[in-house]
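For reference, the structure discussed in these notes is given below.
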Amino acid sequence: MLAKLPPLLLLSVLGLNANAQQIKTKPVATRPAPATYSAAGKTAHVFATVQGTSQRLAAGGNLSFAPAAQPLETQVCVFVDPGHSFQTMLGIGGALTDASAETFAKLPKPQQQEFLNAYYSPTSGIGYTLGRTSIHSSDFSSGSYTYVADKDEALKTFSVQHDEQFRIPFIKQVMAAAGGKLTLFVSPWSPPGWMKTNGEMLHGGKLLPQYRQAWADYYVKFIKTYEQLGIPIWGLTVQNEPMATQKWESCIFTGEDERDFIKGYLGPTLAKGGLGSKKLIAWDHNRDLLFQRASTVLNDPEAAKYVWGIGYHWYETWTGSSMLFENERRVKEAFPNTNLIFTEGCQEKFDLAKVDDWALGEKYGHSLIGDFNAGTVGWTDWNVLLDETGGPNHVGNFCFAPVIADTRTGKLIYTNAYYYIGHFSKFIRPGAKRISASSNRDTLQTTAYRNPDGSVAVVVMNQTDKPEAFQLWMHGQGTNTTAAAHSIMTLVVN
């Protein structure tokens, strides 16, 4: 039947066209085969933190893998596939603020050493490798200050003498405790008041156009001065929380403002000053406007060429929203070559009576898992240390930190947030690759990484009131365990 049709009609029926014979077939693009991995013969070492027990990053039993058939729908499982990898871990850490440095200085020497080991030792502590500090004052300083005299547009009076009392010695001790190396980035909360429309560092305001170059020069001065004092700077953000008018140091940059400041001033000034290799981070505010800011800045090639990543905070929850991890995914979809980095988060409204509240740690665990699964490469908590008031803070914005120093007694208080963060920072090391991990129950939240040494770290969190037995399933090999109620566990497979 088809053979009797006219040639052109025959081609039409077959879904071809008259020039079909002239079309050369192109090779079909194929994805590279996933790397092979087998859990056969391997052991999972379990570490757990559990509400209502003394277990805090506690080593548990070792689990052996055995052949595991196709799971049934009735079986609770966490599936891990190390053959598919994604972003590389930059590091996990916290901010080295004036408040942290001043509180640290009030501790007795033994507790200072305890603090340094607890955070920065990869063996006896939780192995922090990432840090953030401010360019002059933030709310977590004992007062507002800058590094130059008023109206010194040429920055001839620039000096970080203020920081030499507490902050610089503190950062140097942290660096030493971290093995001599710390990935440190810096952030301004506000330009000096005389550079702004409102004439003060507090209460928002905007950068006056005539001071854009002087302000760009200020970043360069700060970075070079710190580096001359022995503190290498890895990167910087443009402006902390650029859409928030706060009672503390703050400055408003719209997306267009930030885009134009980056491409016209900050980016070229860093390059001219020999600092073009520093990692420049835009936004540095909440997840709610994350995509809008990323698209405004990165859709401009002249701005985008200077930007290493987009930073974000978790405080969109002040509106009643949940954490908006999907906005991170939208940025990663649209701008796959731009890095995501969590630059700040803490629990606000400090209350010493609530330092044992289990929700503190669970908030951290939920955010860390969601952020890493969305493509984030680094995660930076806010203050590493605060005192028994949740400060010092010169505007009364008292907050929680994972470790609280009771300066009245000289003792350190470890909140469960410290241990929850440790389930990631201790076992997922810089250079690790995130790998595929999923759960077939919403009661279990999970993420997984393969470390440079080949070990696989799987984090599983259970926020519910009931224990959940599950099988860890990897390429036809499985092992069974239980996530206790209100617990977090890391299973290290090697």
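The values are calculated or read from the model by the stated rules, or taken from the named source; none is laboratory data. Every value quoted in this text rests on a predicted model; they were computed, and no experiment measured them. Counting neighbours? That spans all protein chains shown, and the Cβs are built from the backbone with ideal geometry, glycine included. With ligands, DNA and RNA removed, areas are computed over all heavy atoms of the protein, side chains included. Shrake-Rupley method; radii C 1.70, N 1.55, O 1.52, S 1.80 Å.
The rows are residues; the columns are (1) open to solvent by 10 Å² or more (accessible area, probe 1.4 Å); (2) touching a Leu at 6+ places or on another chain (Cβ under 6 Å).
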position: A214; (1), (2): no, no
position: Y218; (1), (2): no, no
position: T225; (1), (2): yes, no
position: Q228; (1), (2): yes, no
position: I231; (1), (2): no, no
position: W234; (1), (2): yes, yes
position: T237; (1), (2): no, no
position: T245; (1), (2): yes, no
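Is it fair to say Q445 is under 25 Å from D381 (Cβ atoms) and open to solvent by 50 Å² or more (accessible area, probe 1.4 Å)?
no
For (1) under 30 Å from V403 (Cα atoms); (2) not in a strand (DSSP E or B), each residue gets a yes or a no:
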position: S54; (1), (2): yes, yes
position: N62; (1), (2): yes, no
position: Q70; (1), (2): no, yes
position: V78; (1), (2): no, no
position: Q87; (1), (2): yes, no
position: G93; (1), (2): yes, no
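Looking only at residues in the stretch 299-335 that are over 17 Å from the mean Cα position of the chain (by Cα) and among the aliphatic types (A, V, I, L, M), which one is least open to solvent (accessible area, probe 1.4 Å)?
This residue is A303.
Quick check on the stretch 469-494: of everything there that is in contact with a Lys or Arg (Cβ under 7 Å, 6 or more places away or on another chain) and surrounded by 16 or more Cβ atoms within 10 Å (Cβ to Cβ), which residue is farthest from P71 (Cα to Cα)?
By that ranking, first place goes to A485.
Please give the number of the condition H366 fails out of (1) open to solvent by 30 Å² or more (accessible area, probe 1.4 Å); (2) assigned to a helix (DSSP H, G or I); (3) without any contact (Cβ under 8 Å) to a residue 60 or more places away in the chain.
Failed condition: (3).
Can you name the number of the only condition in (1) touching a helix residue (DSSP H, G or I) at 6+ places or on another chain (Cβ under 7 Å); (2) surrounded by fewer than 23 Cβ atoms within 10 Å (Cβ to Cβ); (3) among the charged types (D, E, K, R) that D371 fails?
So D371 meets the others, but not (2).
Give A457, A417, A401 a once-over and let me know the one that is under 19 Å from the mean Cα position of the chain (by Cα), buried (at least 24 other Cβ atoms within 10 Å of the Cβ) and part of a loop (DSSP other than H, G, I, E, B).
Just one listed residue meets the conditions, A401.
Suppose we keep only residues that are of a type in the set (G, A, S) and not in a helix (DSSP H, G or I) within the stretch 420-437. Which one would you say is farthest from F79 (Cα to Cα)?
My answer is G431.
Run down G127, G205, G131 and say which single residue is crowded, with 20+ Cβ neighbours inside 10 Å, on the phi > 0 side of the Ramachandran plot and touching a residue at least 60 places away in the same chain (Cβ under 8 Å).
One residue alone meets the criteria, G127.
So that you can scan it fast, the table gives a plain yes or no per residue for (1) farther than 28 Å from A448 by Cα; (2) touching a residue at least 60 places away in the same chain (Cβ under 8 Å); (3) open to solvent by 30 Å² or more (accessible area, probe 1.4 Å):
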{"residue": "T338", "(1), (2), (3)": "no, no, no"}
{"residue": "A359", "(1), (2), (3)": "no, no, yes"}
{"residue": "N397", "(1), (2), (3)": "yes, yes, yes"}
{"residue": "K426", "(1), (2), (3)": "no, yes, yes"}
